[in-house]
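A short worksheet on the structure shown next.
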Amino acid sequence: MTIHYNLEAPLRLILDTDPGVDDAIAILMALAARQAEVLALTTVGGNVPRARATRNALALLQAAGRPGIPVARGAARPLSGRFRPSVAFHGPGGLSVRLPEPSATTAGQGAVDFLADSLMSSPTGPTIIALGPLTNLSRLERSRPGILHRSGGVVIMGGAVETAGNVTPRAEFNFHSDPLAAAHVLGLGSPMTLVDLAACRQVGISREQAAGLSAGTSLGRLAARIVQGWFARDERRQRFEFYDPLAVALALDPGVATMRPVALTVGVTEGDHWGETTIAGEPGPIALAAKVDASRFFDLLGELLEWRGFEVNA
Ligand code: RIB
Ligand code: CA
């Protein structure tokens, strides 16, 4: 099956990320996509502290043979509230494999200035894929109102819309980590795509499927090792869900899911509703991924990473 790329023009991508096991798979997918160019990674404290997320981003690029891609360091903590990493899921190092220490260092600019310059440097800027707390994007918009309109698109992994959260019963990790930033970005009114937990839970693989994984490329083998390493860290783990990879897949192939146009709000008051994502109106400017075509997602994933030995998980 051929990949459904946006053939009009190669996709120029900047990934804002807190690697992070699933971030790592998403980054490797983007690097493998022939019709996309990863211009840079910007980092944010989330799954792990900013320093570790930044180190992991540099280490992944080095392991992928792309040490020249810039990594710009972003926010260490949310706009307000405490920084609460997700060590249980990602492990203290943030990745489920040991990678050699990177020799490259971060870009001279911080993430906000780097993103601003990238968006201002051409009439249509890069597509921004946000895979962690939205602190960097919120700070970018606060410093330069309207600048995200210059992007080629914004795809966000976050939120739990009409489904249970993964940090509290109502809140998903990225939005729970910085609800003020999430509320600000989703409330901008500019068109963007949101991949929430309800969408991501439609695409996962079992421990047995992961064990059977093999790959035809070094990128694919690294990605397989990362997923297999995640299962190995805890024998209770039975299913790995492709949170951040689904956001990259949708950027590469919008046909991977149907979309529901909504307006969303995010809870910003301390208590049970902190970080909760609620539909505030329909239709609206946010294209919310609804029904995922799991076969199309796994075909894309399998082709990008040349993964073999796992059948589609319905
Ligand atoms: O809730 C899932 C999201 O939180 C993913 O981006 C994962 O990497 C974590 O950051
Ligand atoms: Ca992430």
Can you tell me which residue within the range 64-92, out of those that are touching a strand residue (DSSP E or B) at 6+ places or on another chain (Cβ under 7 Å) and not in a loop (DSSP other than H, G, I, E, B), is nearest to Ile226 (Cα to Cα)? Val71
Can you pull out every residue in the range 93-114 that is part of a loop (DSSP other than H, G, I, E, B) and touching a Ser or Thr at 6+ places or on another chain (Cβ under 8 Å)? Thr106
So which pairs qualify, if the first residue must be in the range 35-46 and over 16 Å from Arg139 (Cα atoms) and in contact (Cβ under 8 Å) with a residue 24 or more places away in the chain, the second must be within 16 Å of ligand 1 (Cβ to nearest atom) and hydroxyl-bearing (Ser, Thr, Tyr), the Cβ gap must be under 9 Å, and the two must be at least 6 apart or on different chains? Leu41/Thr17; Leu41/Thr54
Just checking, does the range 151-172 include any residue being buried (at least 20 other Cβ atoms within 10 Å of the Cβ), in a helix (DSSP H, G or I) and within 15 Å of the chain's Cα centre (by Cα)? no
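Being away from ligand 1 (no atom under 15 Å from the Cβ) and within 19 Å of Val154 (Cα to Cα) is the filter here, so list the residues in the range 14-59 that pass it.
Across the range 14-59, the qualifying residues are Ile14, Leu31, Ala33, Gln35, Ala36, Glu37, Val38, Leu39, Ala40.
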Taking Ala88 as meeting all but one of (1) surrounded by 19 or more Cβ atoms within 10 Å (Cβ to Cβ); (2) within 16 Å of ligand 1 (Cβ to nearest atom), write down the number of the exception. (1)
Among Gly309, Gly302, the single one that is on the phi > 0 side of the Ramachandran plot and in contact with a strand residue (DSSP E or B) (Cβ under 9 Å, 6 or more places away or on another chain) is Gly309
Could you say which residue among Ala76, Ala116 is surrounded by 12 or more Cβ atoms within 10 Å (Cβ to Cβ), of a type in the set (A, V, I, L, M), in contact (Cβ under 8 Å) with a residue 12 or more places away in the chain and under 23 Å from Ala30 (Cα atoms)? Ala116
Of the candidates Leu39, Leu28, Leu61, the one satisfying the condition of being assigned to a helix (DSSP H, G or I) and away from ligand 2 (no atom under 14 Å from the Cβ) is Leu61
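Read the figures in this text as sums done on the coordinates, not as results from a lab. What you see is a predicted model, and the numbers here were worked out from it, not measured in a lab. Please note: Cβ atoms are built from the backbone with ideal geometry, for glycine as well, and neighbour counts cover all protein chains shown.
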